[in-house]
Amino acid sequence: MISRRLVRIKAVQTYYAFTQGNYDGSLEKVQEALEISLEKSYELFVEMFCLIVAIADHAEYKIEFNRNKLLPTEEDLNPNRKFVDNKIIQAFRSEPTIKKYMESASSNWSEHYEFVRGIFNKMANAEFYKKYMEDESQSIKQDADVICKIVNKYLVDNSDLDEILESESIFWNDDLEFSLSNLIQTIKKLNDDNIENFRLPAMFRNQEDLEFAKTLIKSTCLYHQKFDELIEKNLQKWELQRIAFMDRVILHLALCEMTQFPELPVRVTINEYIDIAKGYSTEKSGTFVNGILDKIYNQSKDDKSLNKIGMGLL
C-alpha cells in the first residue's frame, strides 16, 4: 500500500527534521522517526475505510430514526437499504483490521458526528446517489462506483476533513491524497470472486520496499558529507550554503539512491526527486535538482564510478 514515492516523501520530511537537529544526531532516532511516519500513513489509509463505514452507519441511523417516528410513513417503515447493504461496505465491516480500528474510540468517527452527517446529507441529495438508490439492479460494480463518487466529490479537497486530520496527527498533513487514491484503487479491484475474502493490502508490498525505506534514510545520514562534496563540485558560481535548504535535502536523498542502490535505474530516481522538489521546495527547484543530478550522473558514467547492476543499468 505504501508506495516508494510515499517512502521518498516521508524520507525527505524525516531527513529534513534530522538535519535541523530534531533527532539529536541519533541515527537510531531518525530511523525510528521514519518508521513511525510510515506507520501513521498506513493508519490514515485504514481510517478512510472507517470513514466510509461511518457514513453508512449514519445512513442506517437515519433509517431507524425515521422508522421510530410517531407517525411513520410507508417509506419510513419500508426503507430503501441499498446503500446500507452495499456489499463492499459490508466487506469493510467484517475486514479484521478495519473492524479493530472501528472498535477503537479514536477511529470510529463518533467524535466527528457533524462532519459525517454533513457528508451524508450532501450525498443523499446528489443525483448520482438518487440514481443509485432508485436502480433496482445490484452489482459489485454499482456498489464500487457509488463509493468512489463519494470519495471524489466529498473527501478529496475537503478543508473540513483536512482540519480534522491535522488535529489528529501531524503526520497526516500530506498523506490524504495518497490514502484516498489507494482507497479507490483497492475498491476498484473488488469483484464477485474476491469480495467474500476481502483483506486490506499490507503496509508494504514486499520486504524489499521496507528495506528500501530503512536503507534510504540510514545511508543518506551516513554519507551526507560525501553528497555535499558532490553537489559543491557541480555548482556554478554558487556556494553550497546559498542553495535552498530543502533542495539540498532532496539532493542528498537522490544521490543516496544513485550511489547506494545498484538495482535502481538512475532516470527513475532523478524523475522522482524532480517531482518531489516541485511539490515541496521552491518554484525553480525542479529544474535546479534536475541539472545537478544530470551533471553528477553524466560524470559518473564517464569515469565509470556509478555502481549499477540489473535494472539499474537502464
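What number of residues within region 258-276 are among the hydroxyl-bearing types (Ser, Thr, Tyr) and modelled with pLDDT under 95? Of the residues in region 258-276, 1 are among the hydroxyl-bearing types (Ser, Thr, Tyr) and modelled with pLDDT under 95. Beta carbons closer than 6 Å, at least 6 apart along the sequence or on distinct chains, pair a first residue in region 108-122 that is under 18 Å from Ile147 (Cα atoms) with a second that is modelled with pLDDT of 95 or more and of a type in the set (D, E, K, R) for Phe115/Asp160. Considering only residues in region 228-257 that are hydrophobic (A, V, I, L, M, F, W, C) and modelled with pLDDT under 95, the one that is farthest from Val7 (Cα to Cα) turns out to be Trp238.
Quick one: in region 235-268, of everything that is assigned to a helix (DSSP H, G or I) and among the basic types (Lys, Arg), which residue is farthest from Phe212 (Cα to Cα)? So, considering only residues that are assigned to a helix (DSSP H, G or I) and among the basic types (Lys, Arg), the one farthest from Phe212 (Cα to Cα) is Arg242. Note on region 106-146: residues that are assigned to a loop (DSSP other than H, G, I, E, B) and of a type in the set (D, E, K, R) total 2.
Can you tell me which residue in region 80-105 is farthest from Ala54 (Cα to Cα), limited to those that are in a loop (DSSP other than H, G, I, E, B) and modelled with pLDDT of 95 or more? Quick ask: steps written out before the conclusion?
Within region 80-105, the first condition is being in a loop (DSSP other than H, G, I, E, B), and the residues that meet it are 80-86, 95, 103-105.
Adding the requirement that they be modelled with pLDDT of 95 or more leaves 80-86, 95.
Details: Asn80: 18, Arg81: 15, Lys82: 16, Phe83: 12, Val84: 11, Asp85: 13, Asn86: 13, Glu95: 14 Å.
Per the stated criteria, the residue is Asn80.
Only one of the numbered conditions (1) under 16 Å from Asn290 (Cβ atoms); (2) surrounded by 19 or more Cβ atoms within 10 Å (Cβ to Cβ) is violated by Ala244, and that is (2).
Between Glu103, Glu163, Glu127, which is over 30 Å from Ala33 (Cβ atoms), surrounded by fewer than 12 Cβ atoms within 10 Å (Cβ to Cβ) and not hydroxyl-bearing (Ser, Thr, Tyr)? Result: Glu127 is the single residue among Glu103, Glu163, Glu127 that is over 30 Å from Ala33 (Cβ atoms), surrounded by fewer than 12 Cβ atoms within 10 Å (Cβ to Cβ) and not hydroxyl-bearing (Ser, Thr, Tyr).
The test for being assigned to a helix (DSSP H, G or I), aromatic (Phe, Trp, Tyr) and crowded, with 19+ Cβ neighbours inside 10 Å does not hold for Phe204.
Does Asp174 meet the test of being on the phi > 0 side of the Ramachandran plot and surrounded by fewer than 18 Cβ atoms within 10 Å (Cβ to Cβ)? Working first, answer last.
Details: on the phi > 0 side of the Ramachandran plot: no; surrounded by fewer than 18 Cβ atoms within 10 Å (Cβ to Cβ): yes.
Criteria not met by Asp174.
I'd like the full set of residues that are under 13 Å from Ile119 (Cα atoms), in a helix (DSSP H, G or I) and touching a residue at least 12 places away in the same chain (Cβ under 8 Å), limited to region 147-159. Correct list: Ile147, Lys149, Ile150, Val151, Asn152, Lys153, Tyr154, Leu155. Among the conditions (1) exposed (fewer than 13 other Cβ atoms within 10 Å of the Cβ); (2) at pLDDT 95 or above, the only one that Asn298 does not satisfy is (2).
The values are calculated or read from the model by the stated rules, or taken from the named source; none is laboratory data. Keep in mind the model is a prediction, meaning the values are calculated, not measured. FYI the Cβ positions are ideal-geometry reconstructions off the backbone, even for glycines, and counts take in every protein chain you see.
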